[in-house]
1. May I ask you to list the residues in segment 294-315 that are under 30 Å from residue 250 (Cβ atoms) and modelled with pLDDT of 85 or more?
2. Looking at (1) among the polar types (S, T, N, Q); (2) modelled with pLDDT under 75; (3) surrounded by fewer than 11 Cβ atoms within 10 Å (Cβ to Cβ), which is the only condition residue 337 fails?
3. Where residues in segment 126-145 are within 22 Å of residue 182 (Cβ to Cβ) and touching a residue at least 24 places away in the same chain (Cβ under 8 Å), which of them is nearest to the chain's Cα centre (by Cα)?
4. Got a sec? Which of 189, 139 is assigned to a loop (DSSP other than H, G, I, E, B) and modelled with pLDDT under 80?
5. Filter segment 68-123 for residues that are among the charged types (D, E, K, R) and closer than 22 Å to residue 49 by Cβ; which is surrounded by the fewest Cβ atoms within 10 Å (Cβ to Cβ)?
6. Of all residues in segment 233-292, count the ones that are closer than 24 Å to residue 211 by Cα and hydroxyl-bearing (Ser, Thr, Tyr).
7. Pairs needed: first member in segment 187-198, assigned by TED's automatic domain parsing to the domain that holds residue 171 and within 13 Å of residue 172 (Cα to Cα); second member anywhere, aliphatic (A, V, I, L, M) and part of a loop (DSSP other than H, G, I, E, B); C-beta distance under 8 Å; at least 6 residues apart or different chains.
8. Going by the structure shown, is residue 74 small (Gly, Ala, Ser), farther than 30 Å from residue 129 by Cα and out of contact with any Pro (no Cβ under 9 Å at 6 or more places or on another chain)?
Amino acid sequence: MEKNMTLRLLLILMFLMFMQSTNADQKEYDHFATGFPLNGSHVQAECSDCHVQGLFRGTPSNCQECHNNVIAQGKTPTHFSAIGDCDDCHSEYGWETNIVEHSNFNELCSNCHNSTRKAGKPQHHVQTTEECDVCHSTIGWNIAFLDHSVIEGDCFSCHNGRLSTGQPSSHIHTSQFCEVCHSVQSWSIIYFDHADVIGACESCHNNQPVIGKHKQHIETNESCNECHSTINWDPISFNHENIVDNCIDCHNGDVAKGKADDHVSTNADCFYCHTTQTWSPAVFDHSTITEPCSACHKQKLGHIETVEECNACHRTTGWLPADLNETITEKPAIRFNRHFNAYSGGR
């Protein structure tokens, strides 16, 4: 009896020594030599987890050949449809996704990015039925290219200063939508409909948002549309009643047409002789002339000889009648004949 008991104890001891030796060999085995080094979660795996039924030769080394839900855990029923290998997205340290190789997926973006499986459209996303890749890239959510033709809402639903660039503080006051003046290619104005503007001309045309009065513009308190149209700055329908400056401030040859080179010399302003409708005819006021008569009225052939100025004999209201001045140098008989045969016009 004692002999049998001793034999049994000996067998048990030998078995335990054998198992200890086997485990030691297993732990000391250099798996790197097989061409498949153990890293991450594979270090903790038991040999039998991969080497089914103790088979070592022919054990798969590719992820999907082992992680096929037969040998080891594979794709779950909710896994995205992908044609790539596991390590395209996962690492040996866990199933958590490190980087997603979108080129391996053969599903629509929205099948994953539906706010359930992965991040989808936020509540303030513009209204569209298009797939993510129409505007976004796989690098990030920042918009790579926006195709406005796929947007269902109006411009302002996005361009409101929160979702995307909206009207700046200096924008003209209008209740119209962006597309009335802008295009989807650029904010630069393509067509401007002044009928949609709420404020006065100068609320925009003040050299801040857009061009306003230039430095040479005549002084006036009136709005732009008193003289200009919404089609162009020129031609001008000019209302002189709204001008606060003198004529010469504008009609100086720089801002607007001024005196011609052969204009009579005078210090008087334009309105003394001219009207705001036209330059001619002029109501001529000789009292404003600073030069002598002969500076303008040249003596005609046949006029009696004299060194006097026109106003010595003539009046500013007409050439005739004339008051003969005794300073005329011709003989009386000749002077008499010339005087009574005189003609109107200049001398």
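The values are calculated or read from the model by the stated rules, or taken from the named source; none is laboratory data. Quick caveat: nothing in here was measured; it's all calculated off a predicted structure. Because the Cβ atoms are built from the backbone with ideal geometry, glycine has one as well, and the counts that use them run over all protein chains shown.
1. none
2. (3)
3. 126
4. Numbers: 139 fails: modelled with pLDDT under 80.
After ruling out the rest, the residue left standing is 189.
5. By that ranking, first place goes to 96.
6. 1
7. Going by the 8 Å Cβ cut-off, the qualifying pairs are 197/172.
8. Values: small (Gly, Ala, Ser): yes; farther than 30 Å from residue 129 by Cα: yes; out of contact with any Pro (no Cβ under 9 Å at 6 or more places or on another chain): yes.
Yes, satisfied.
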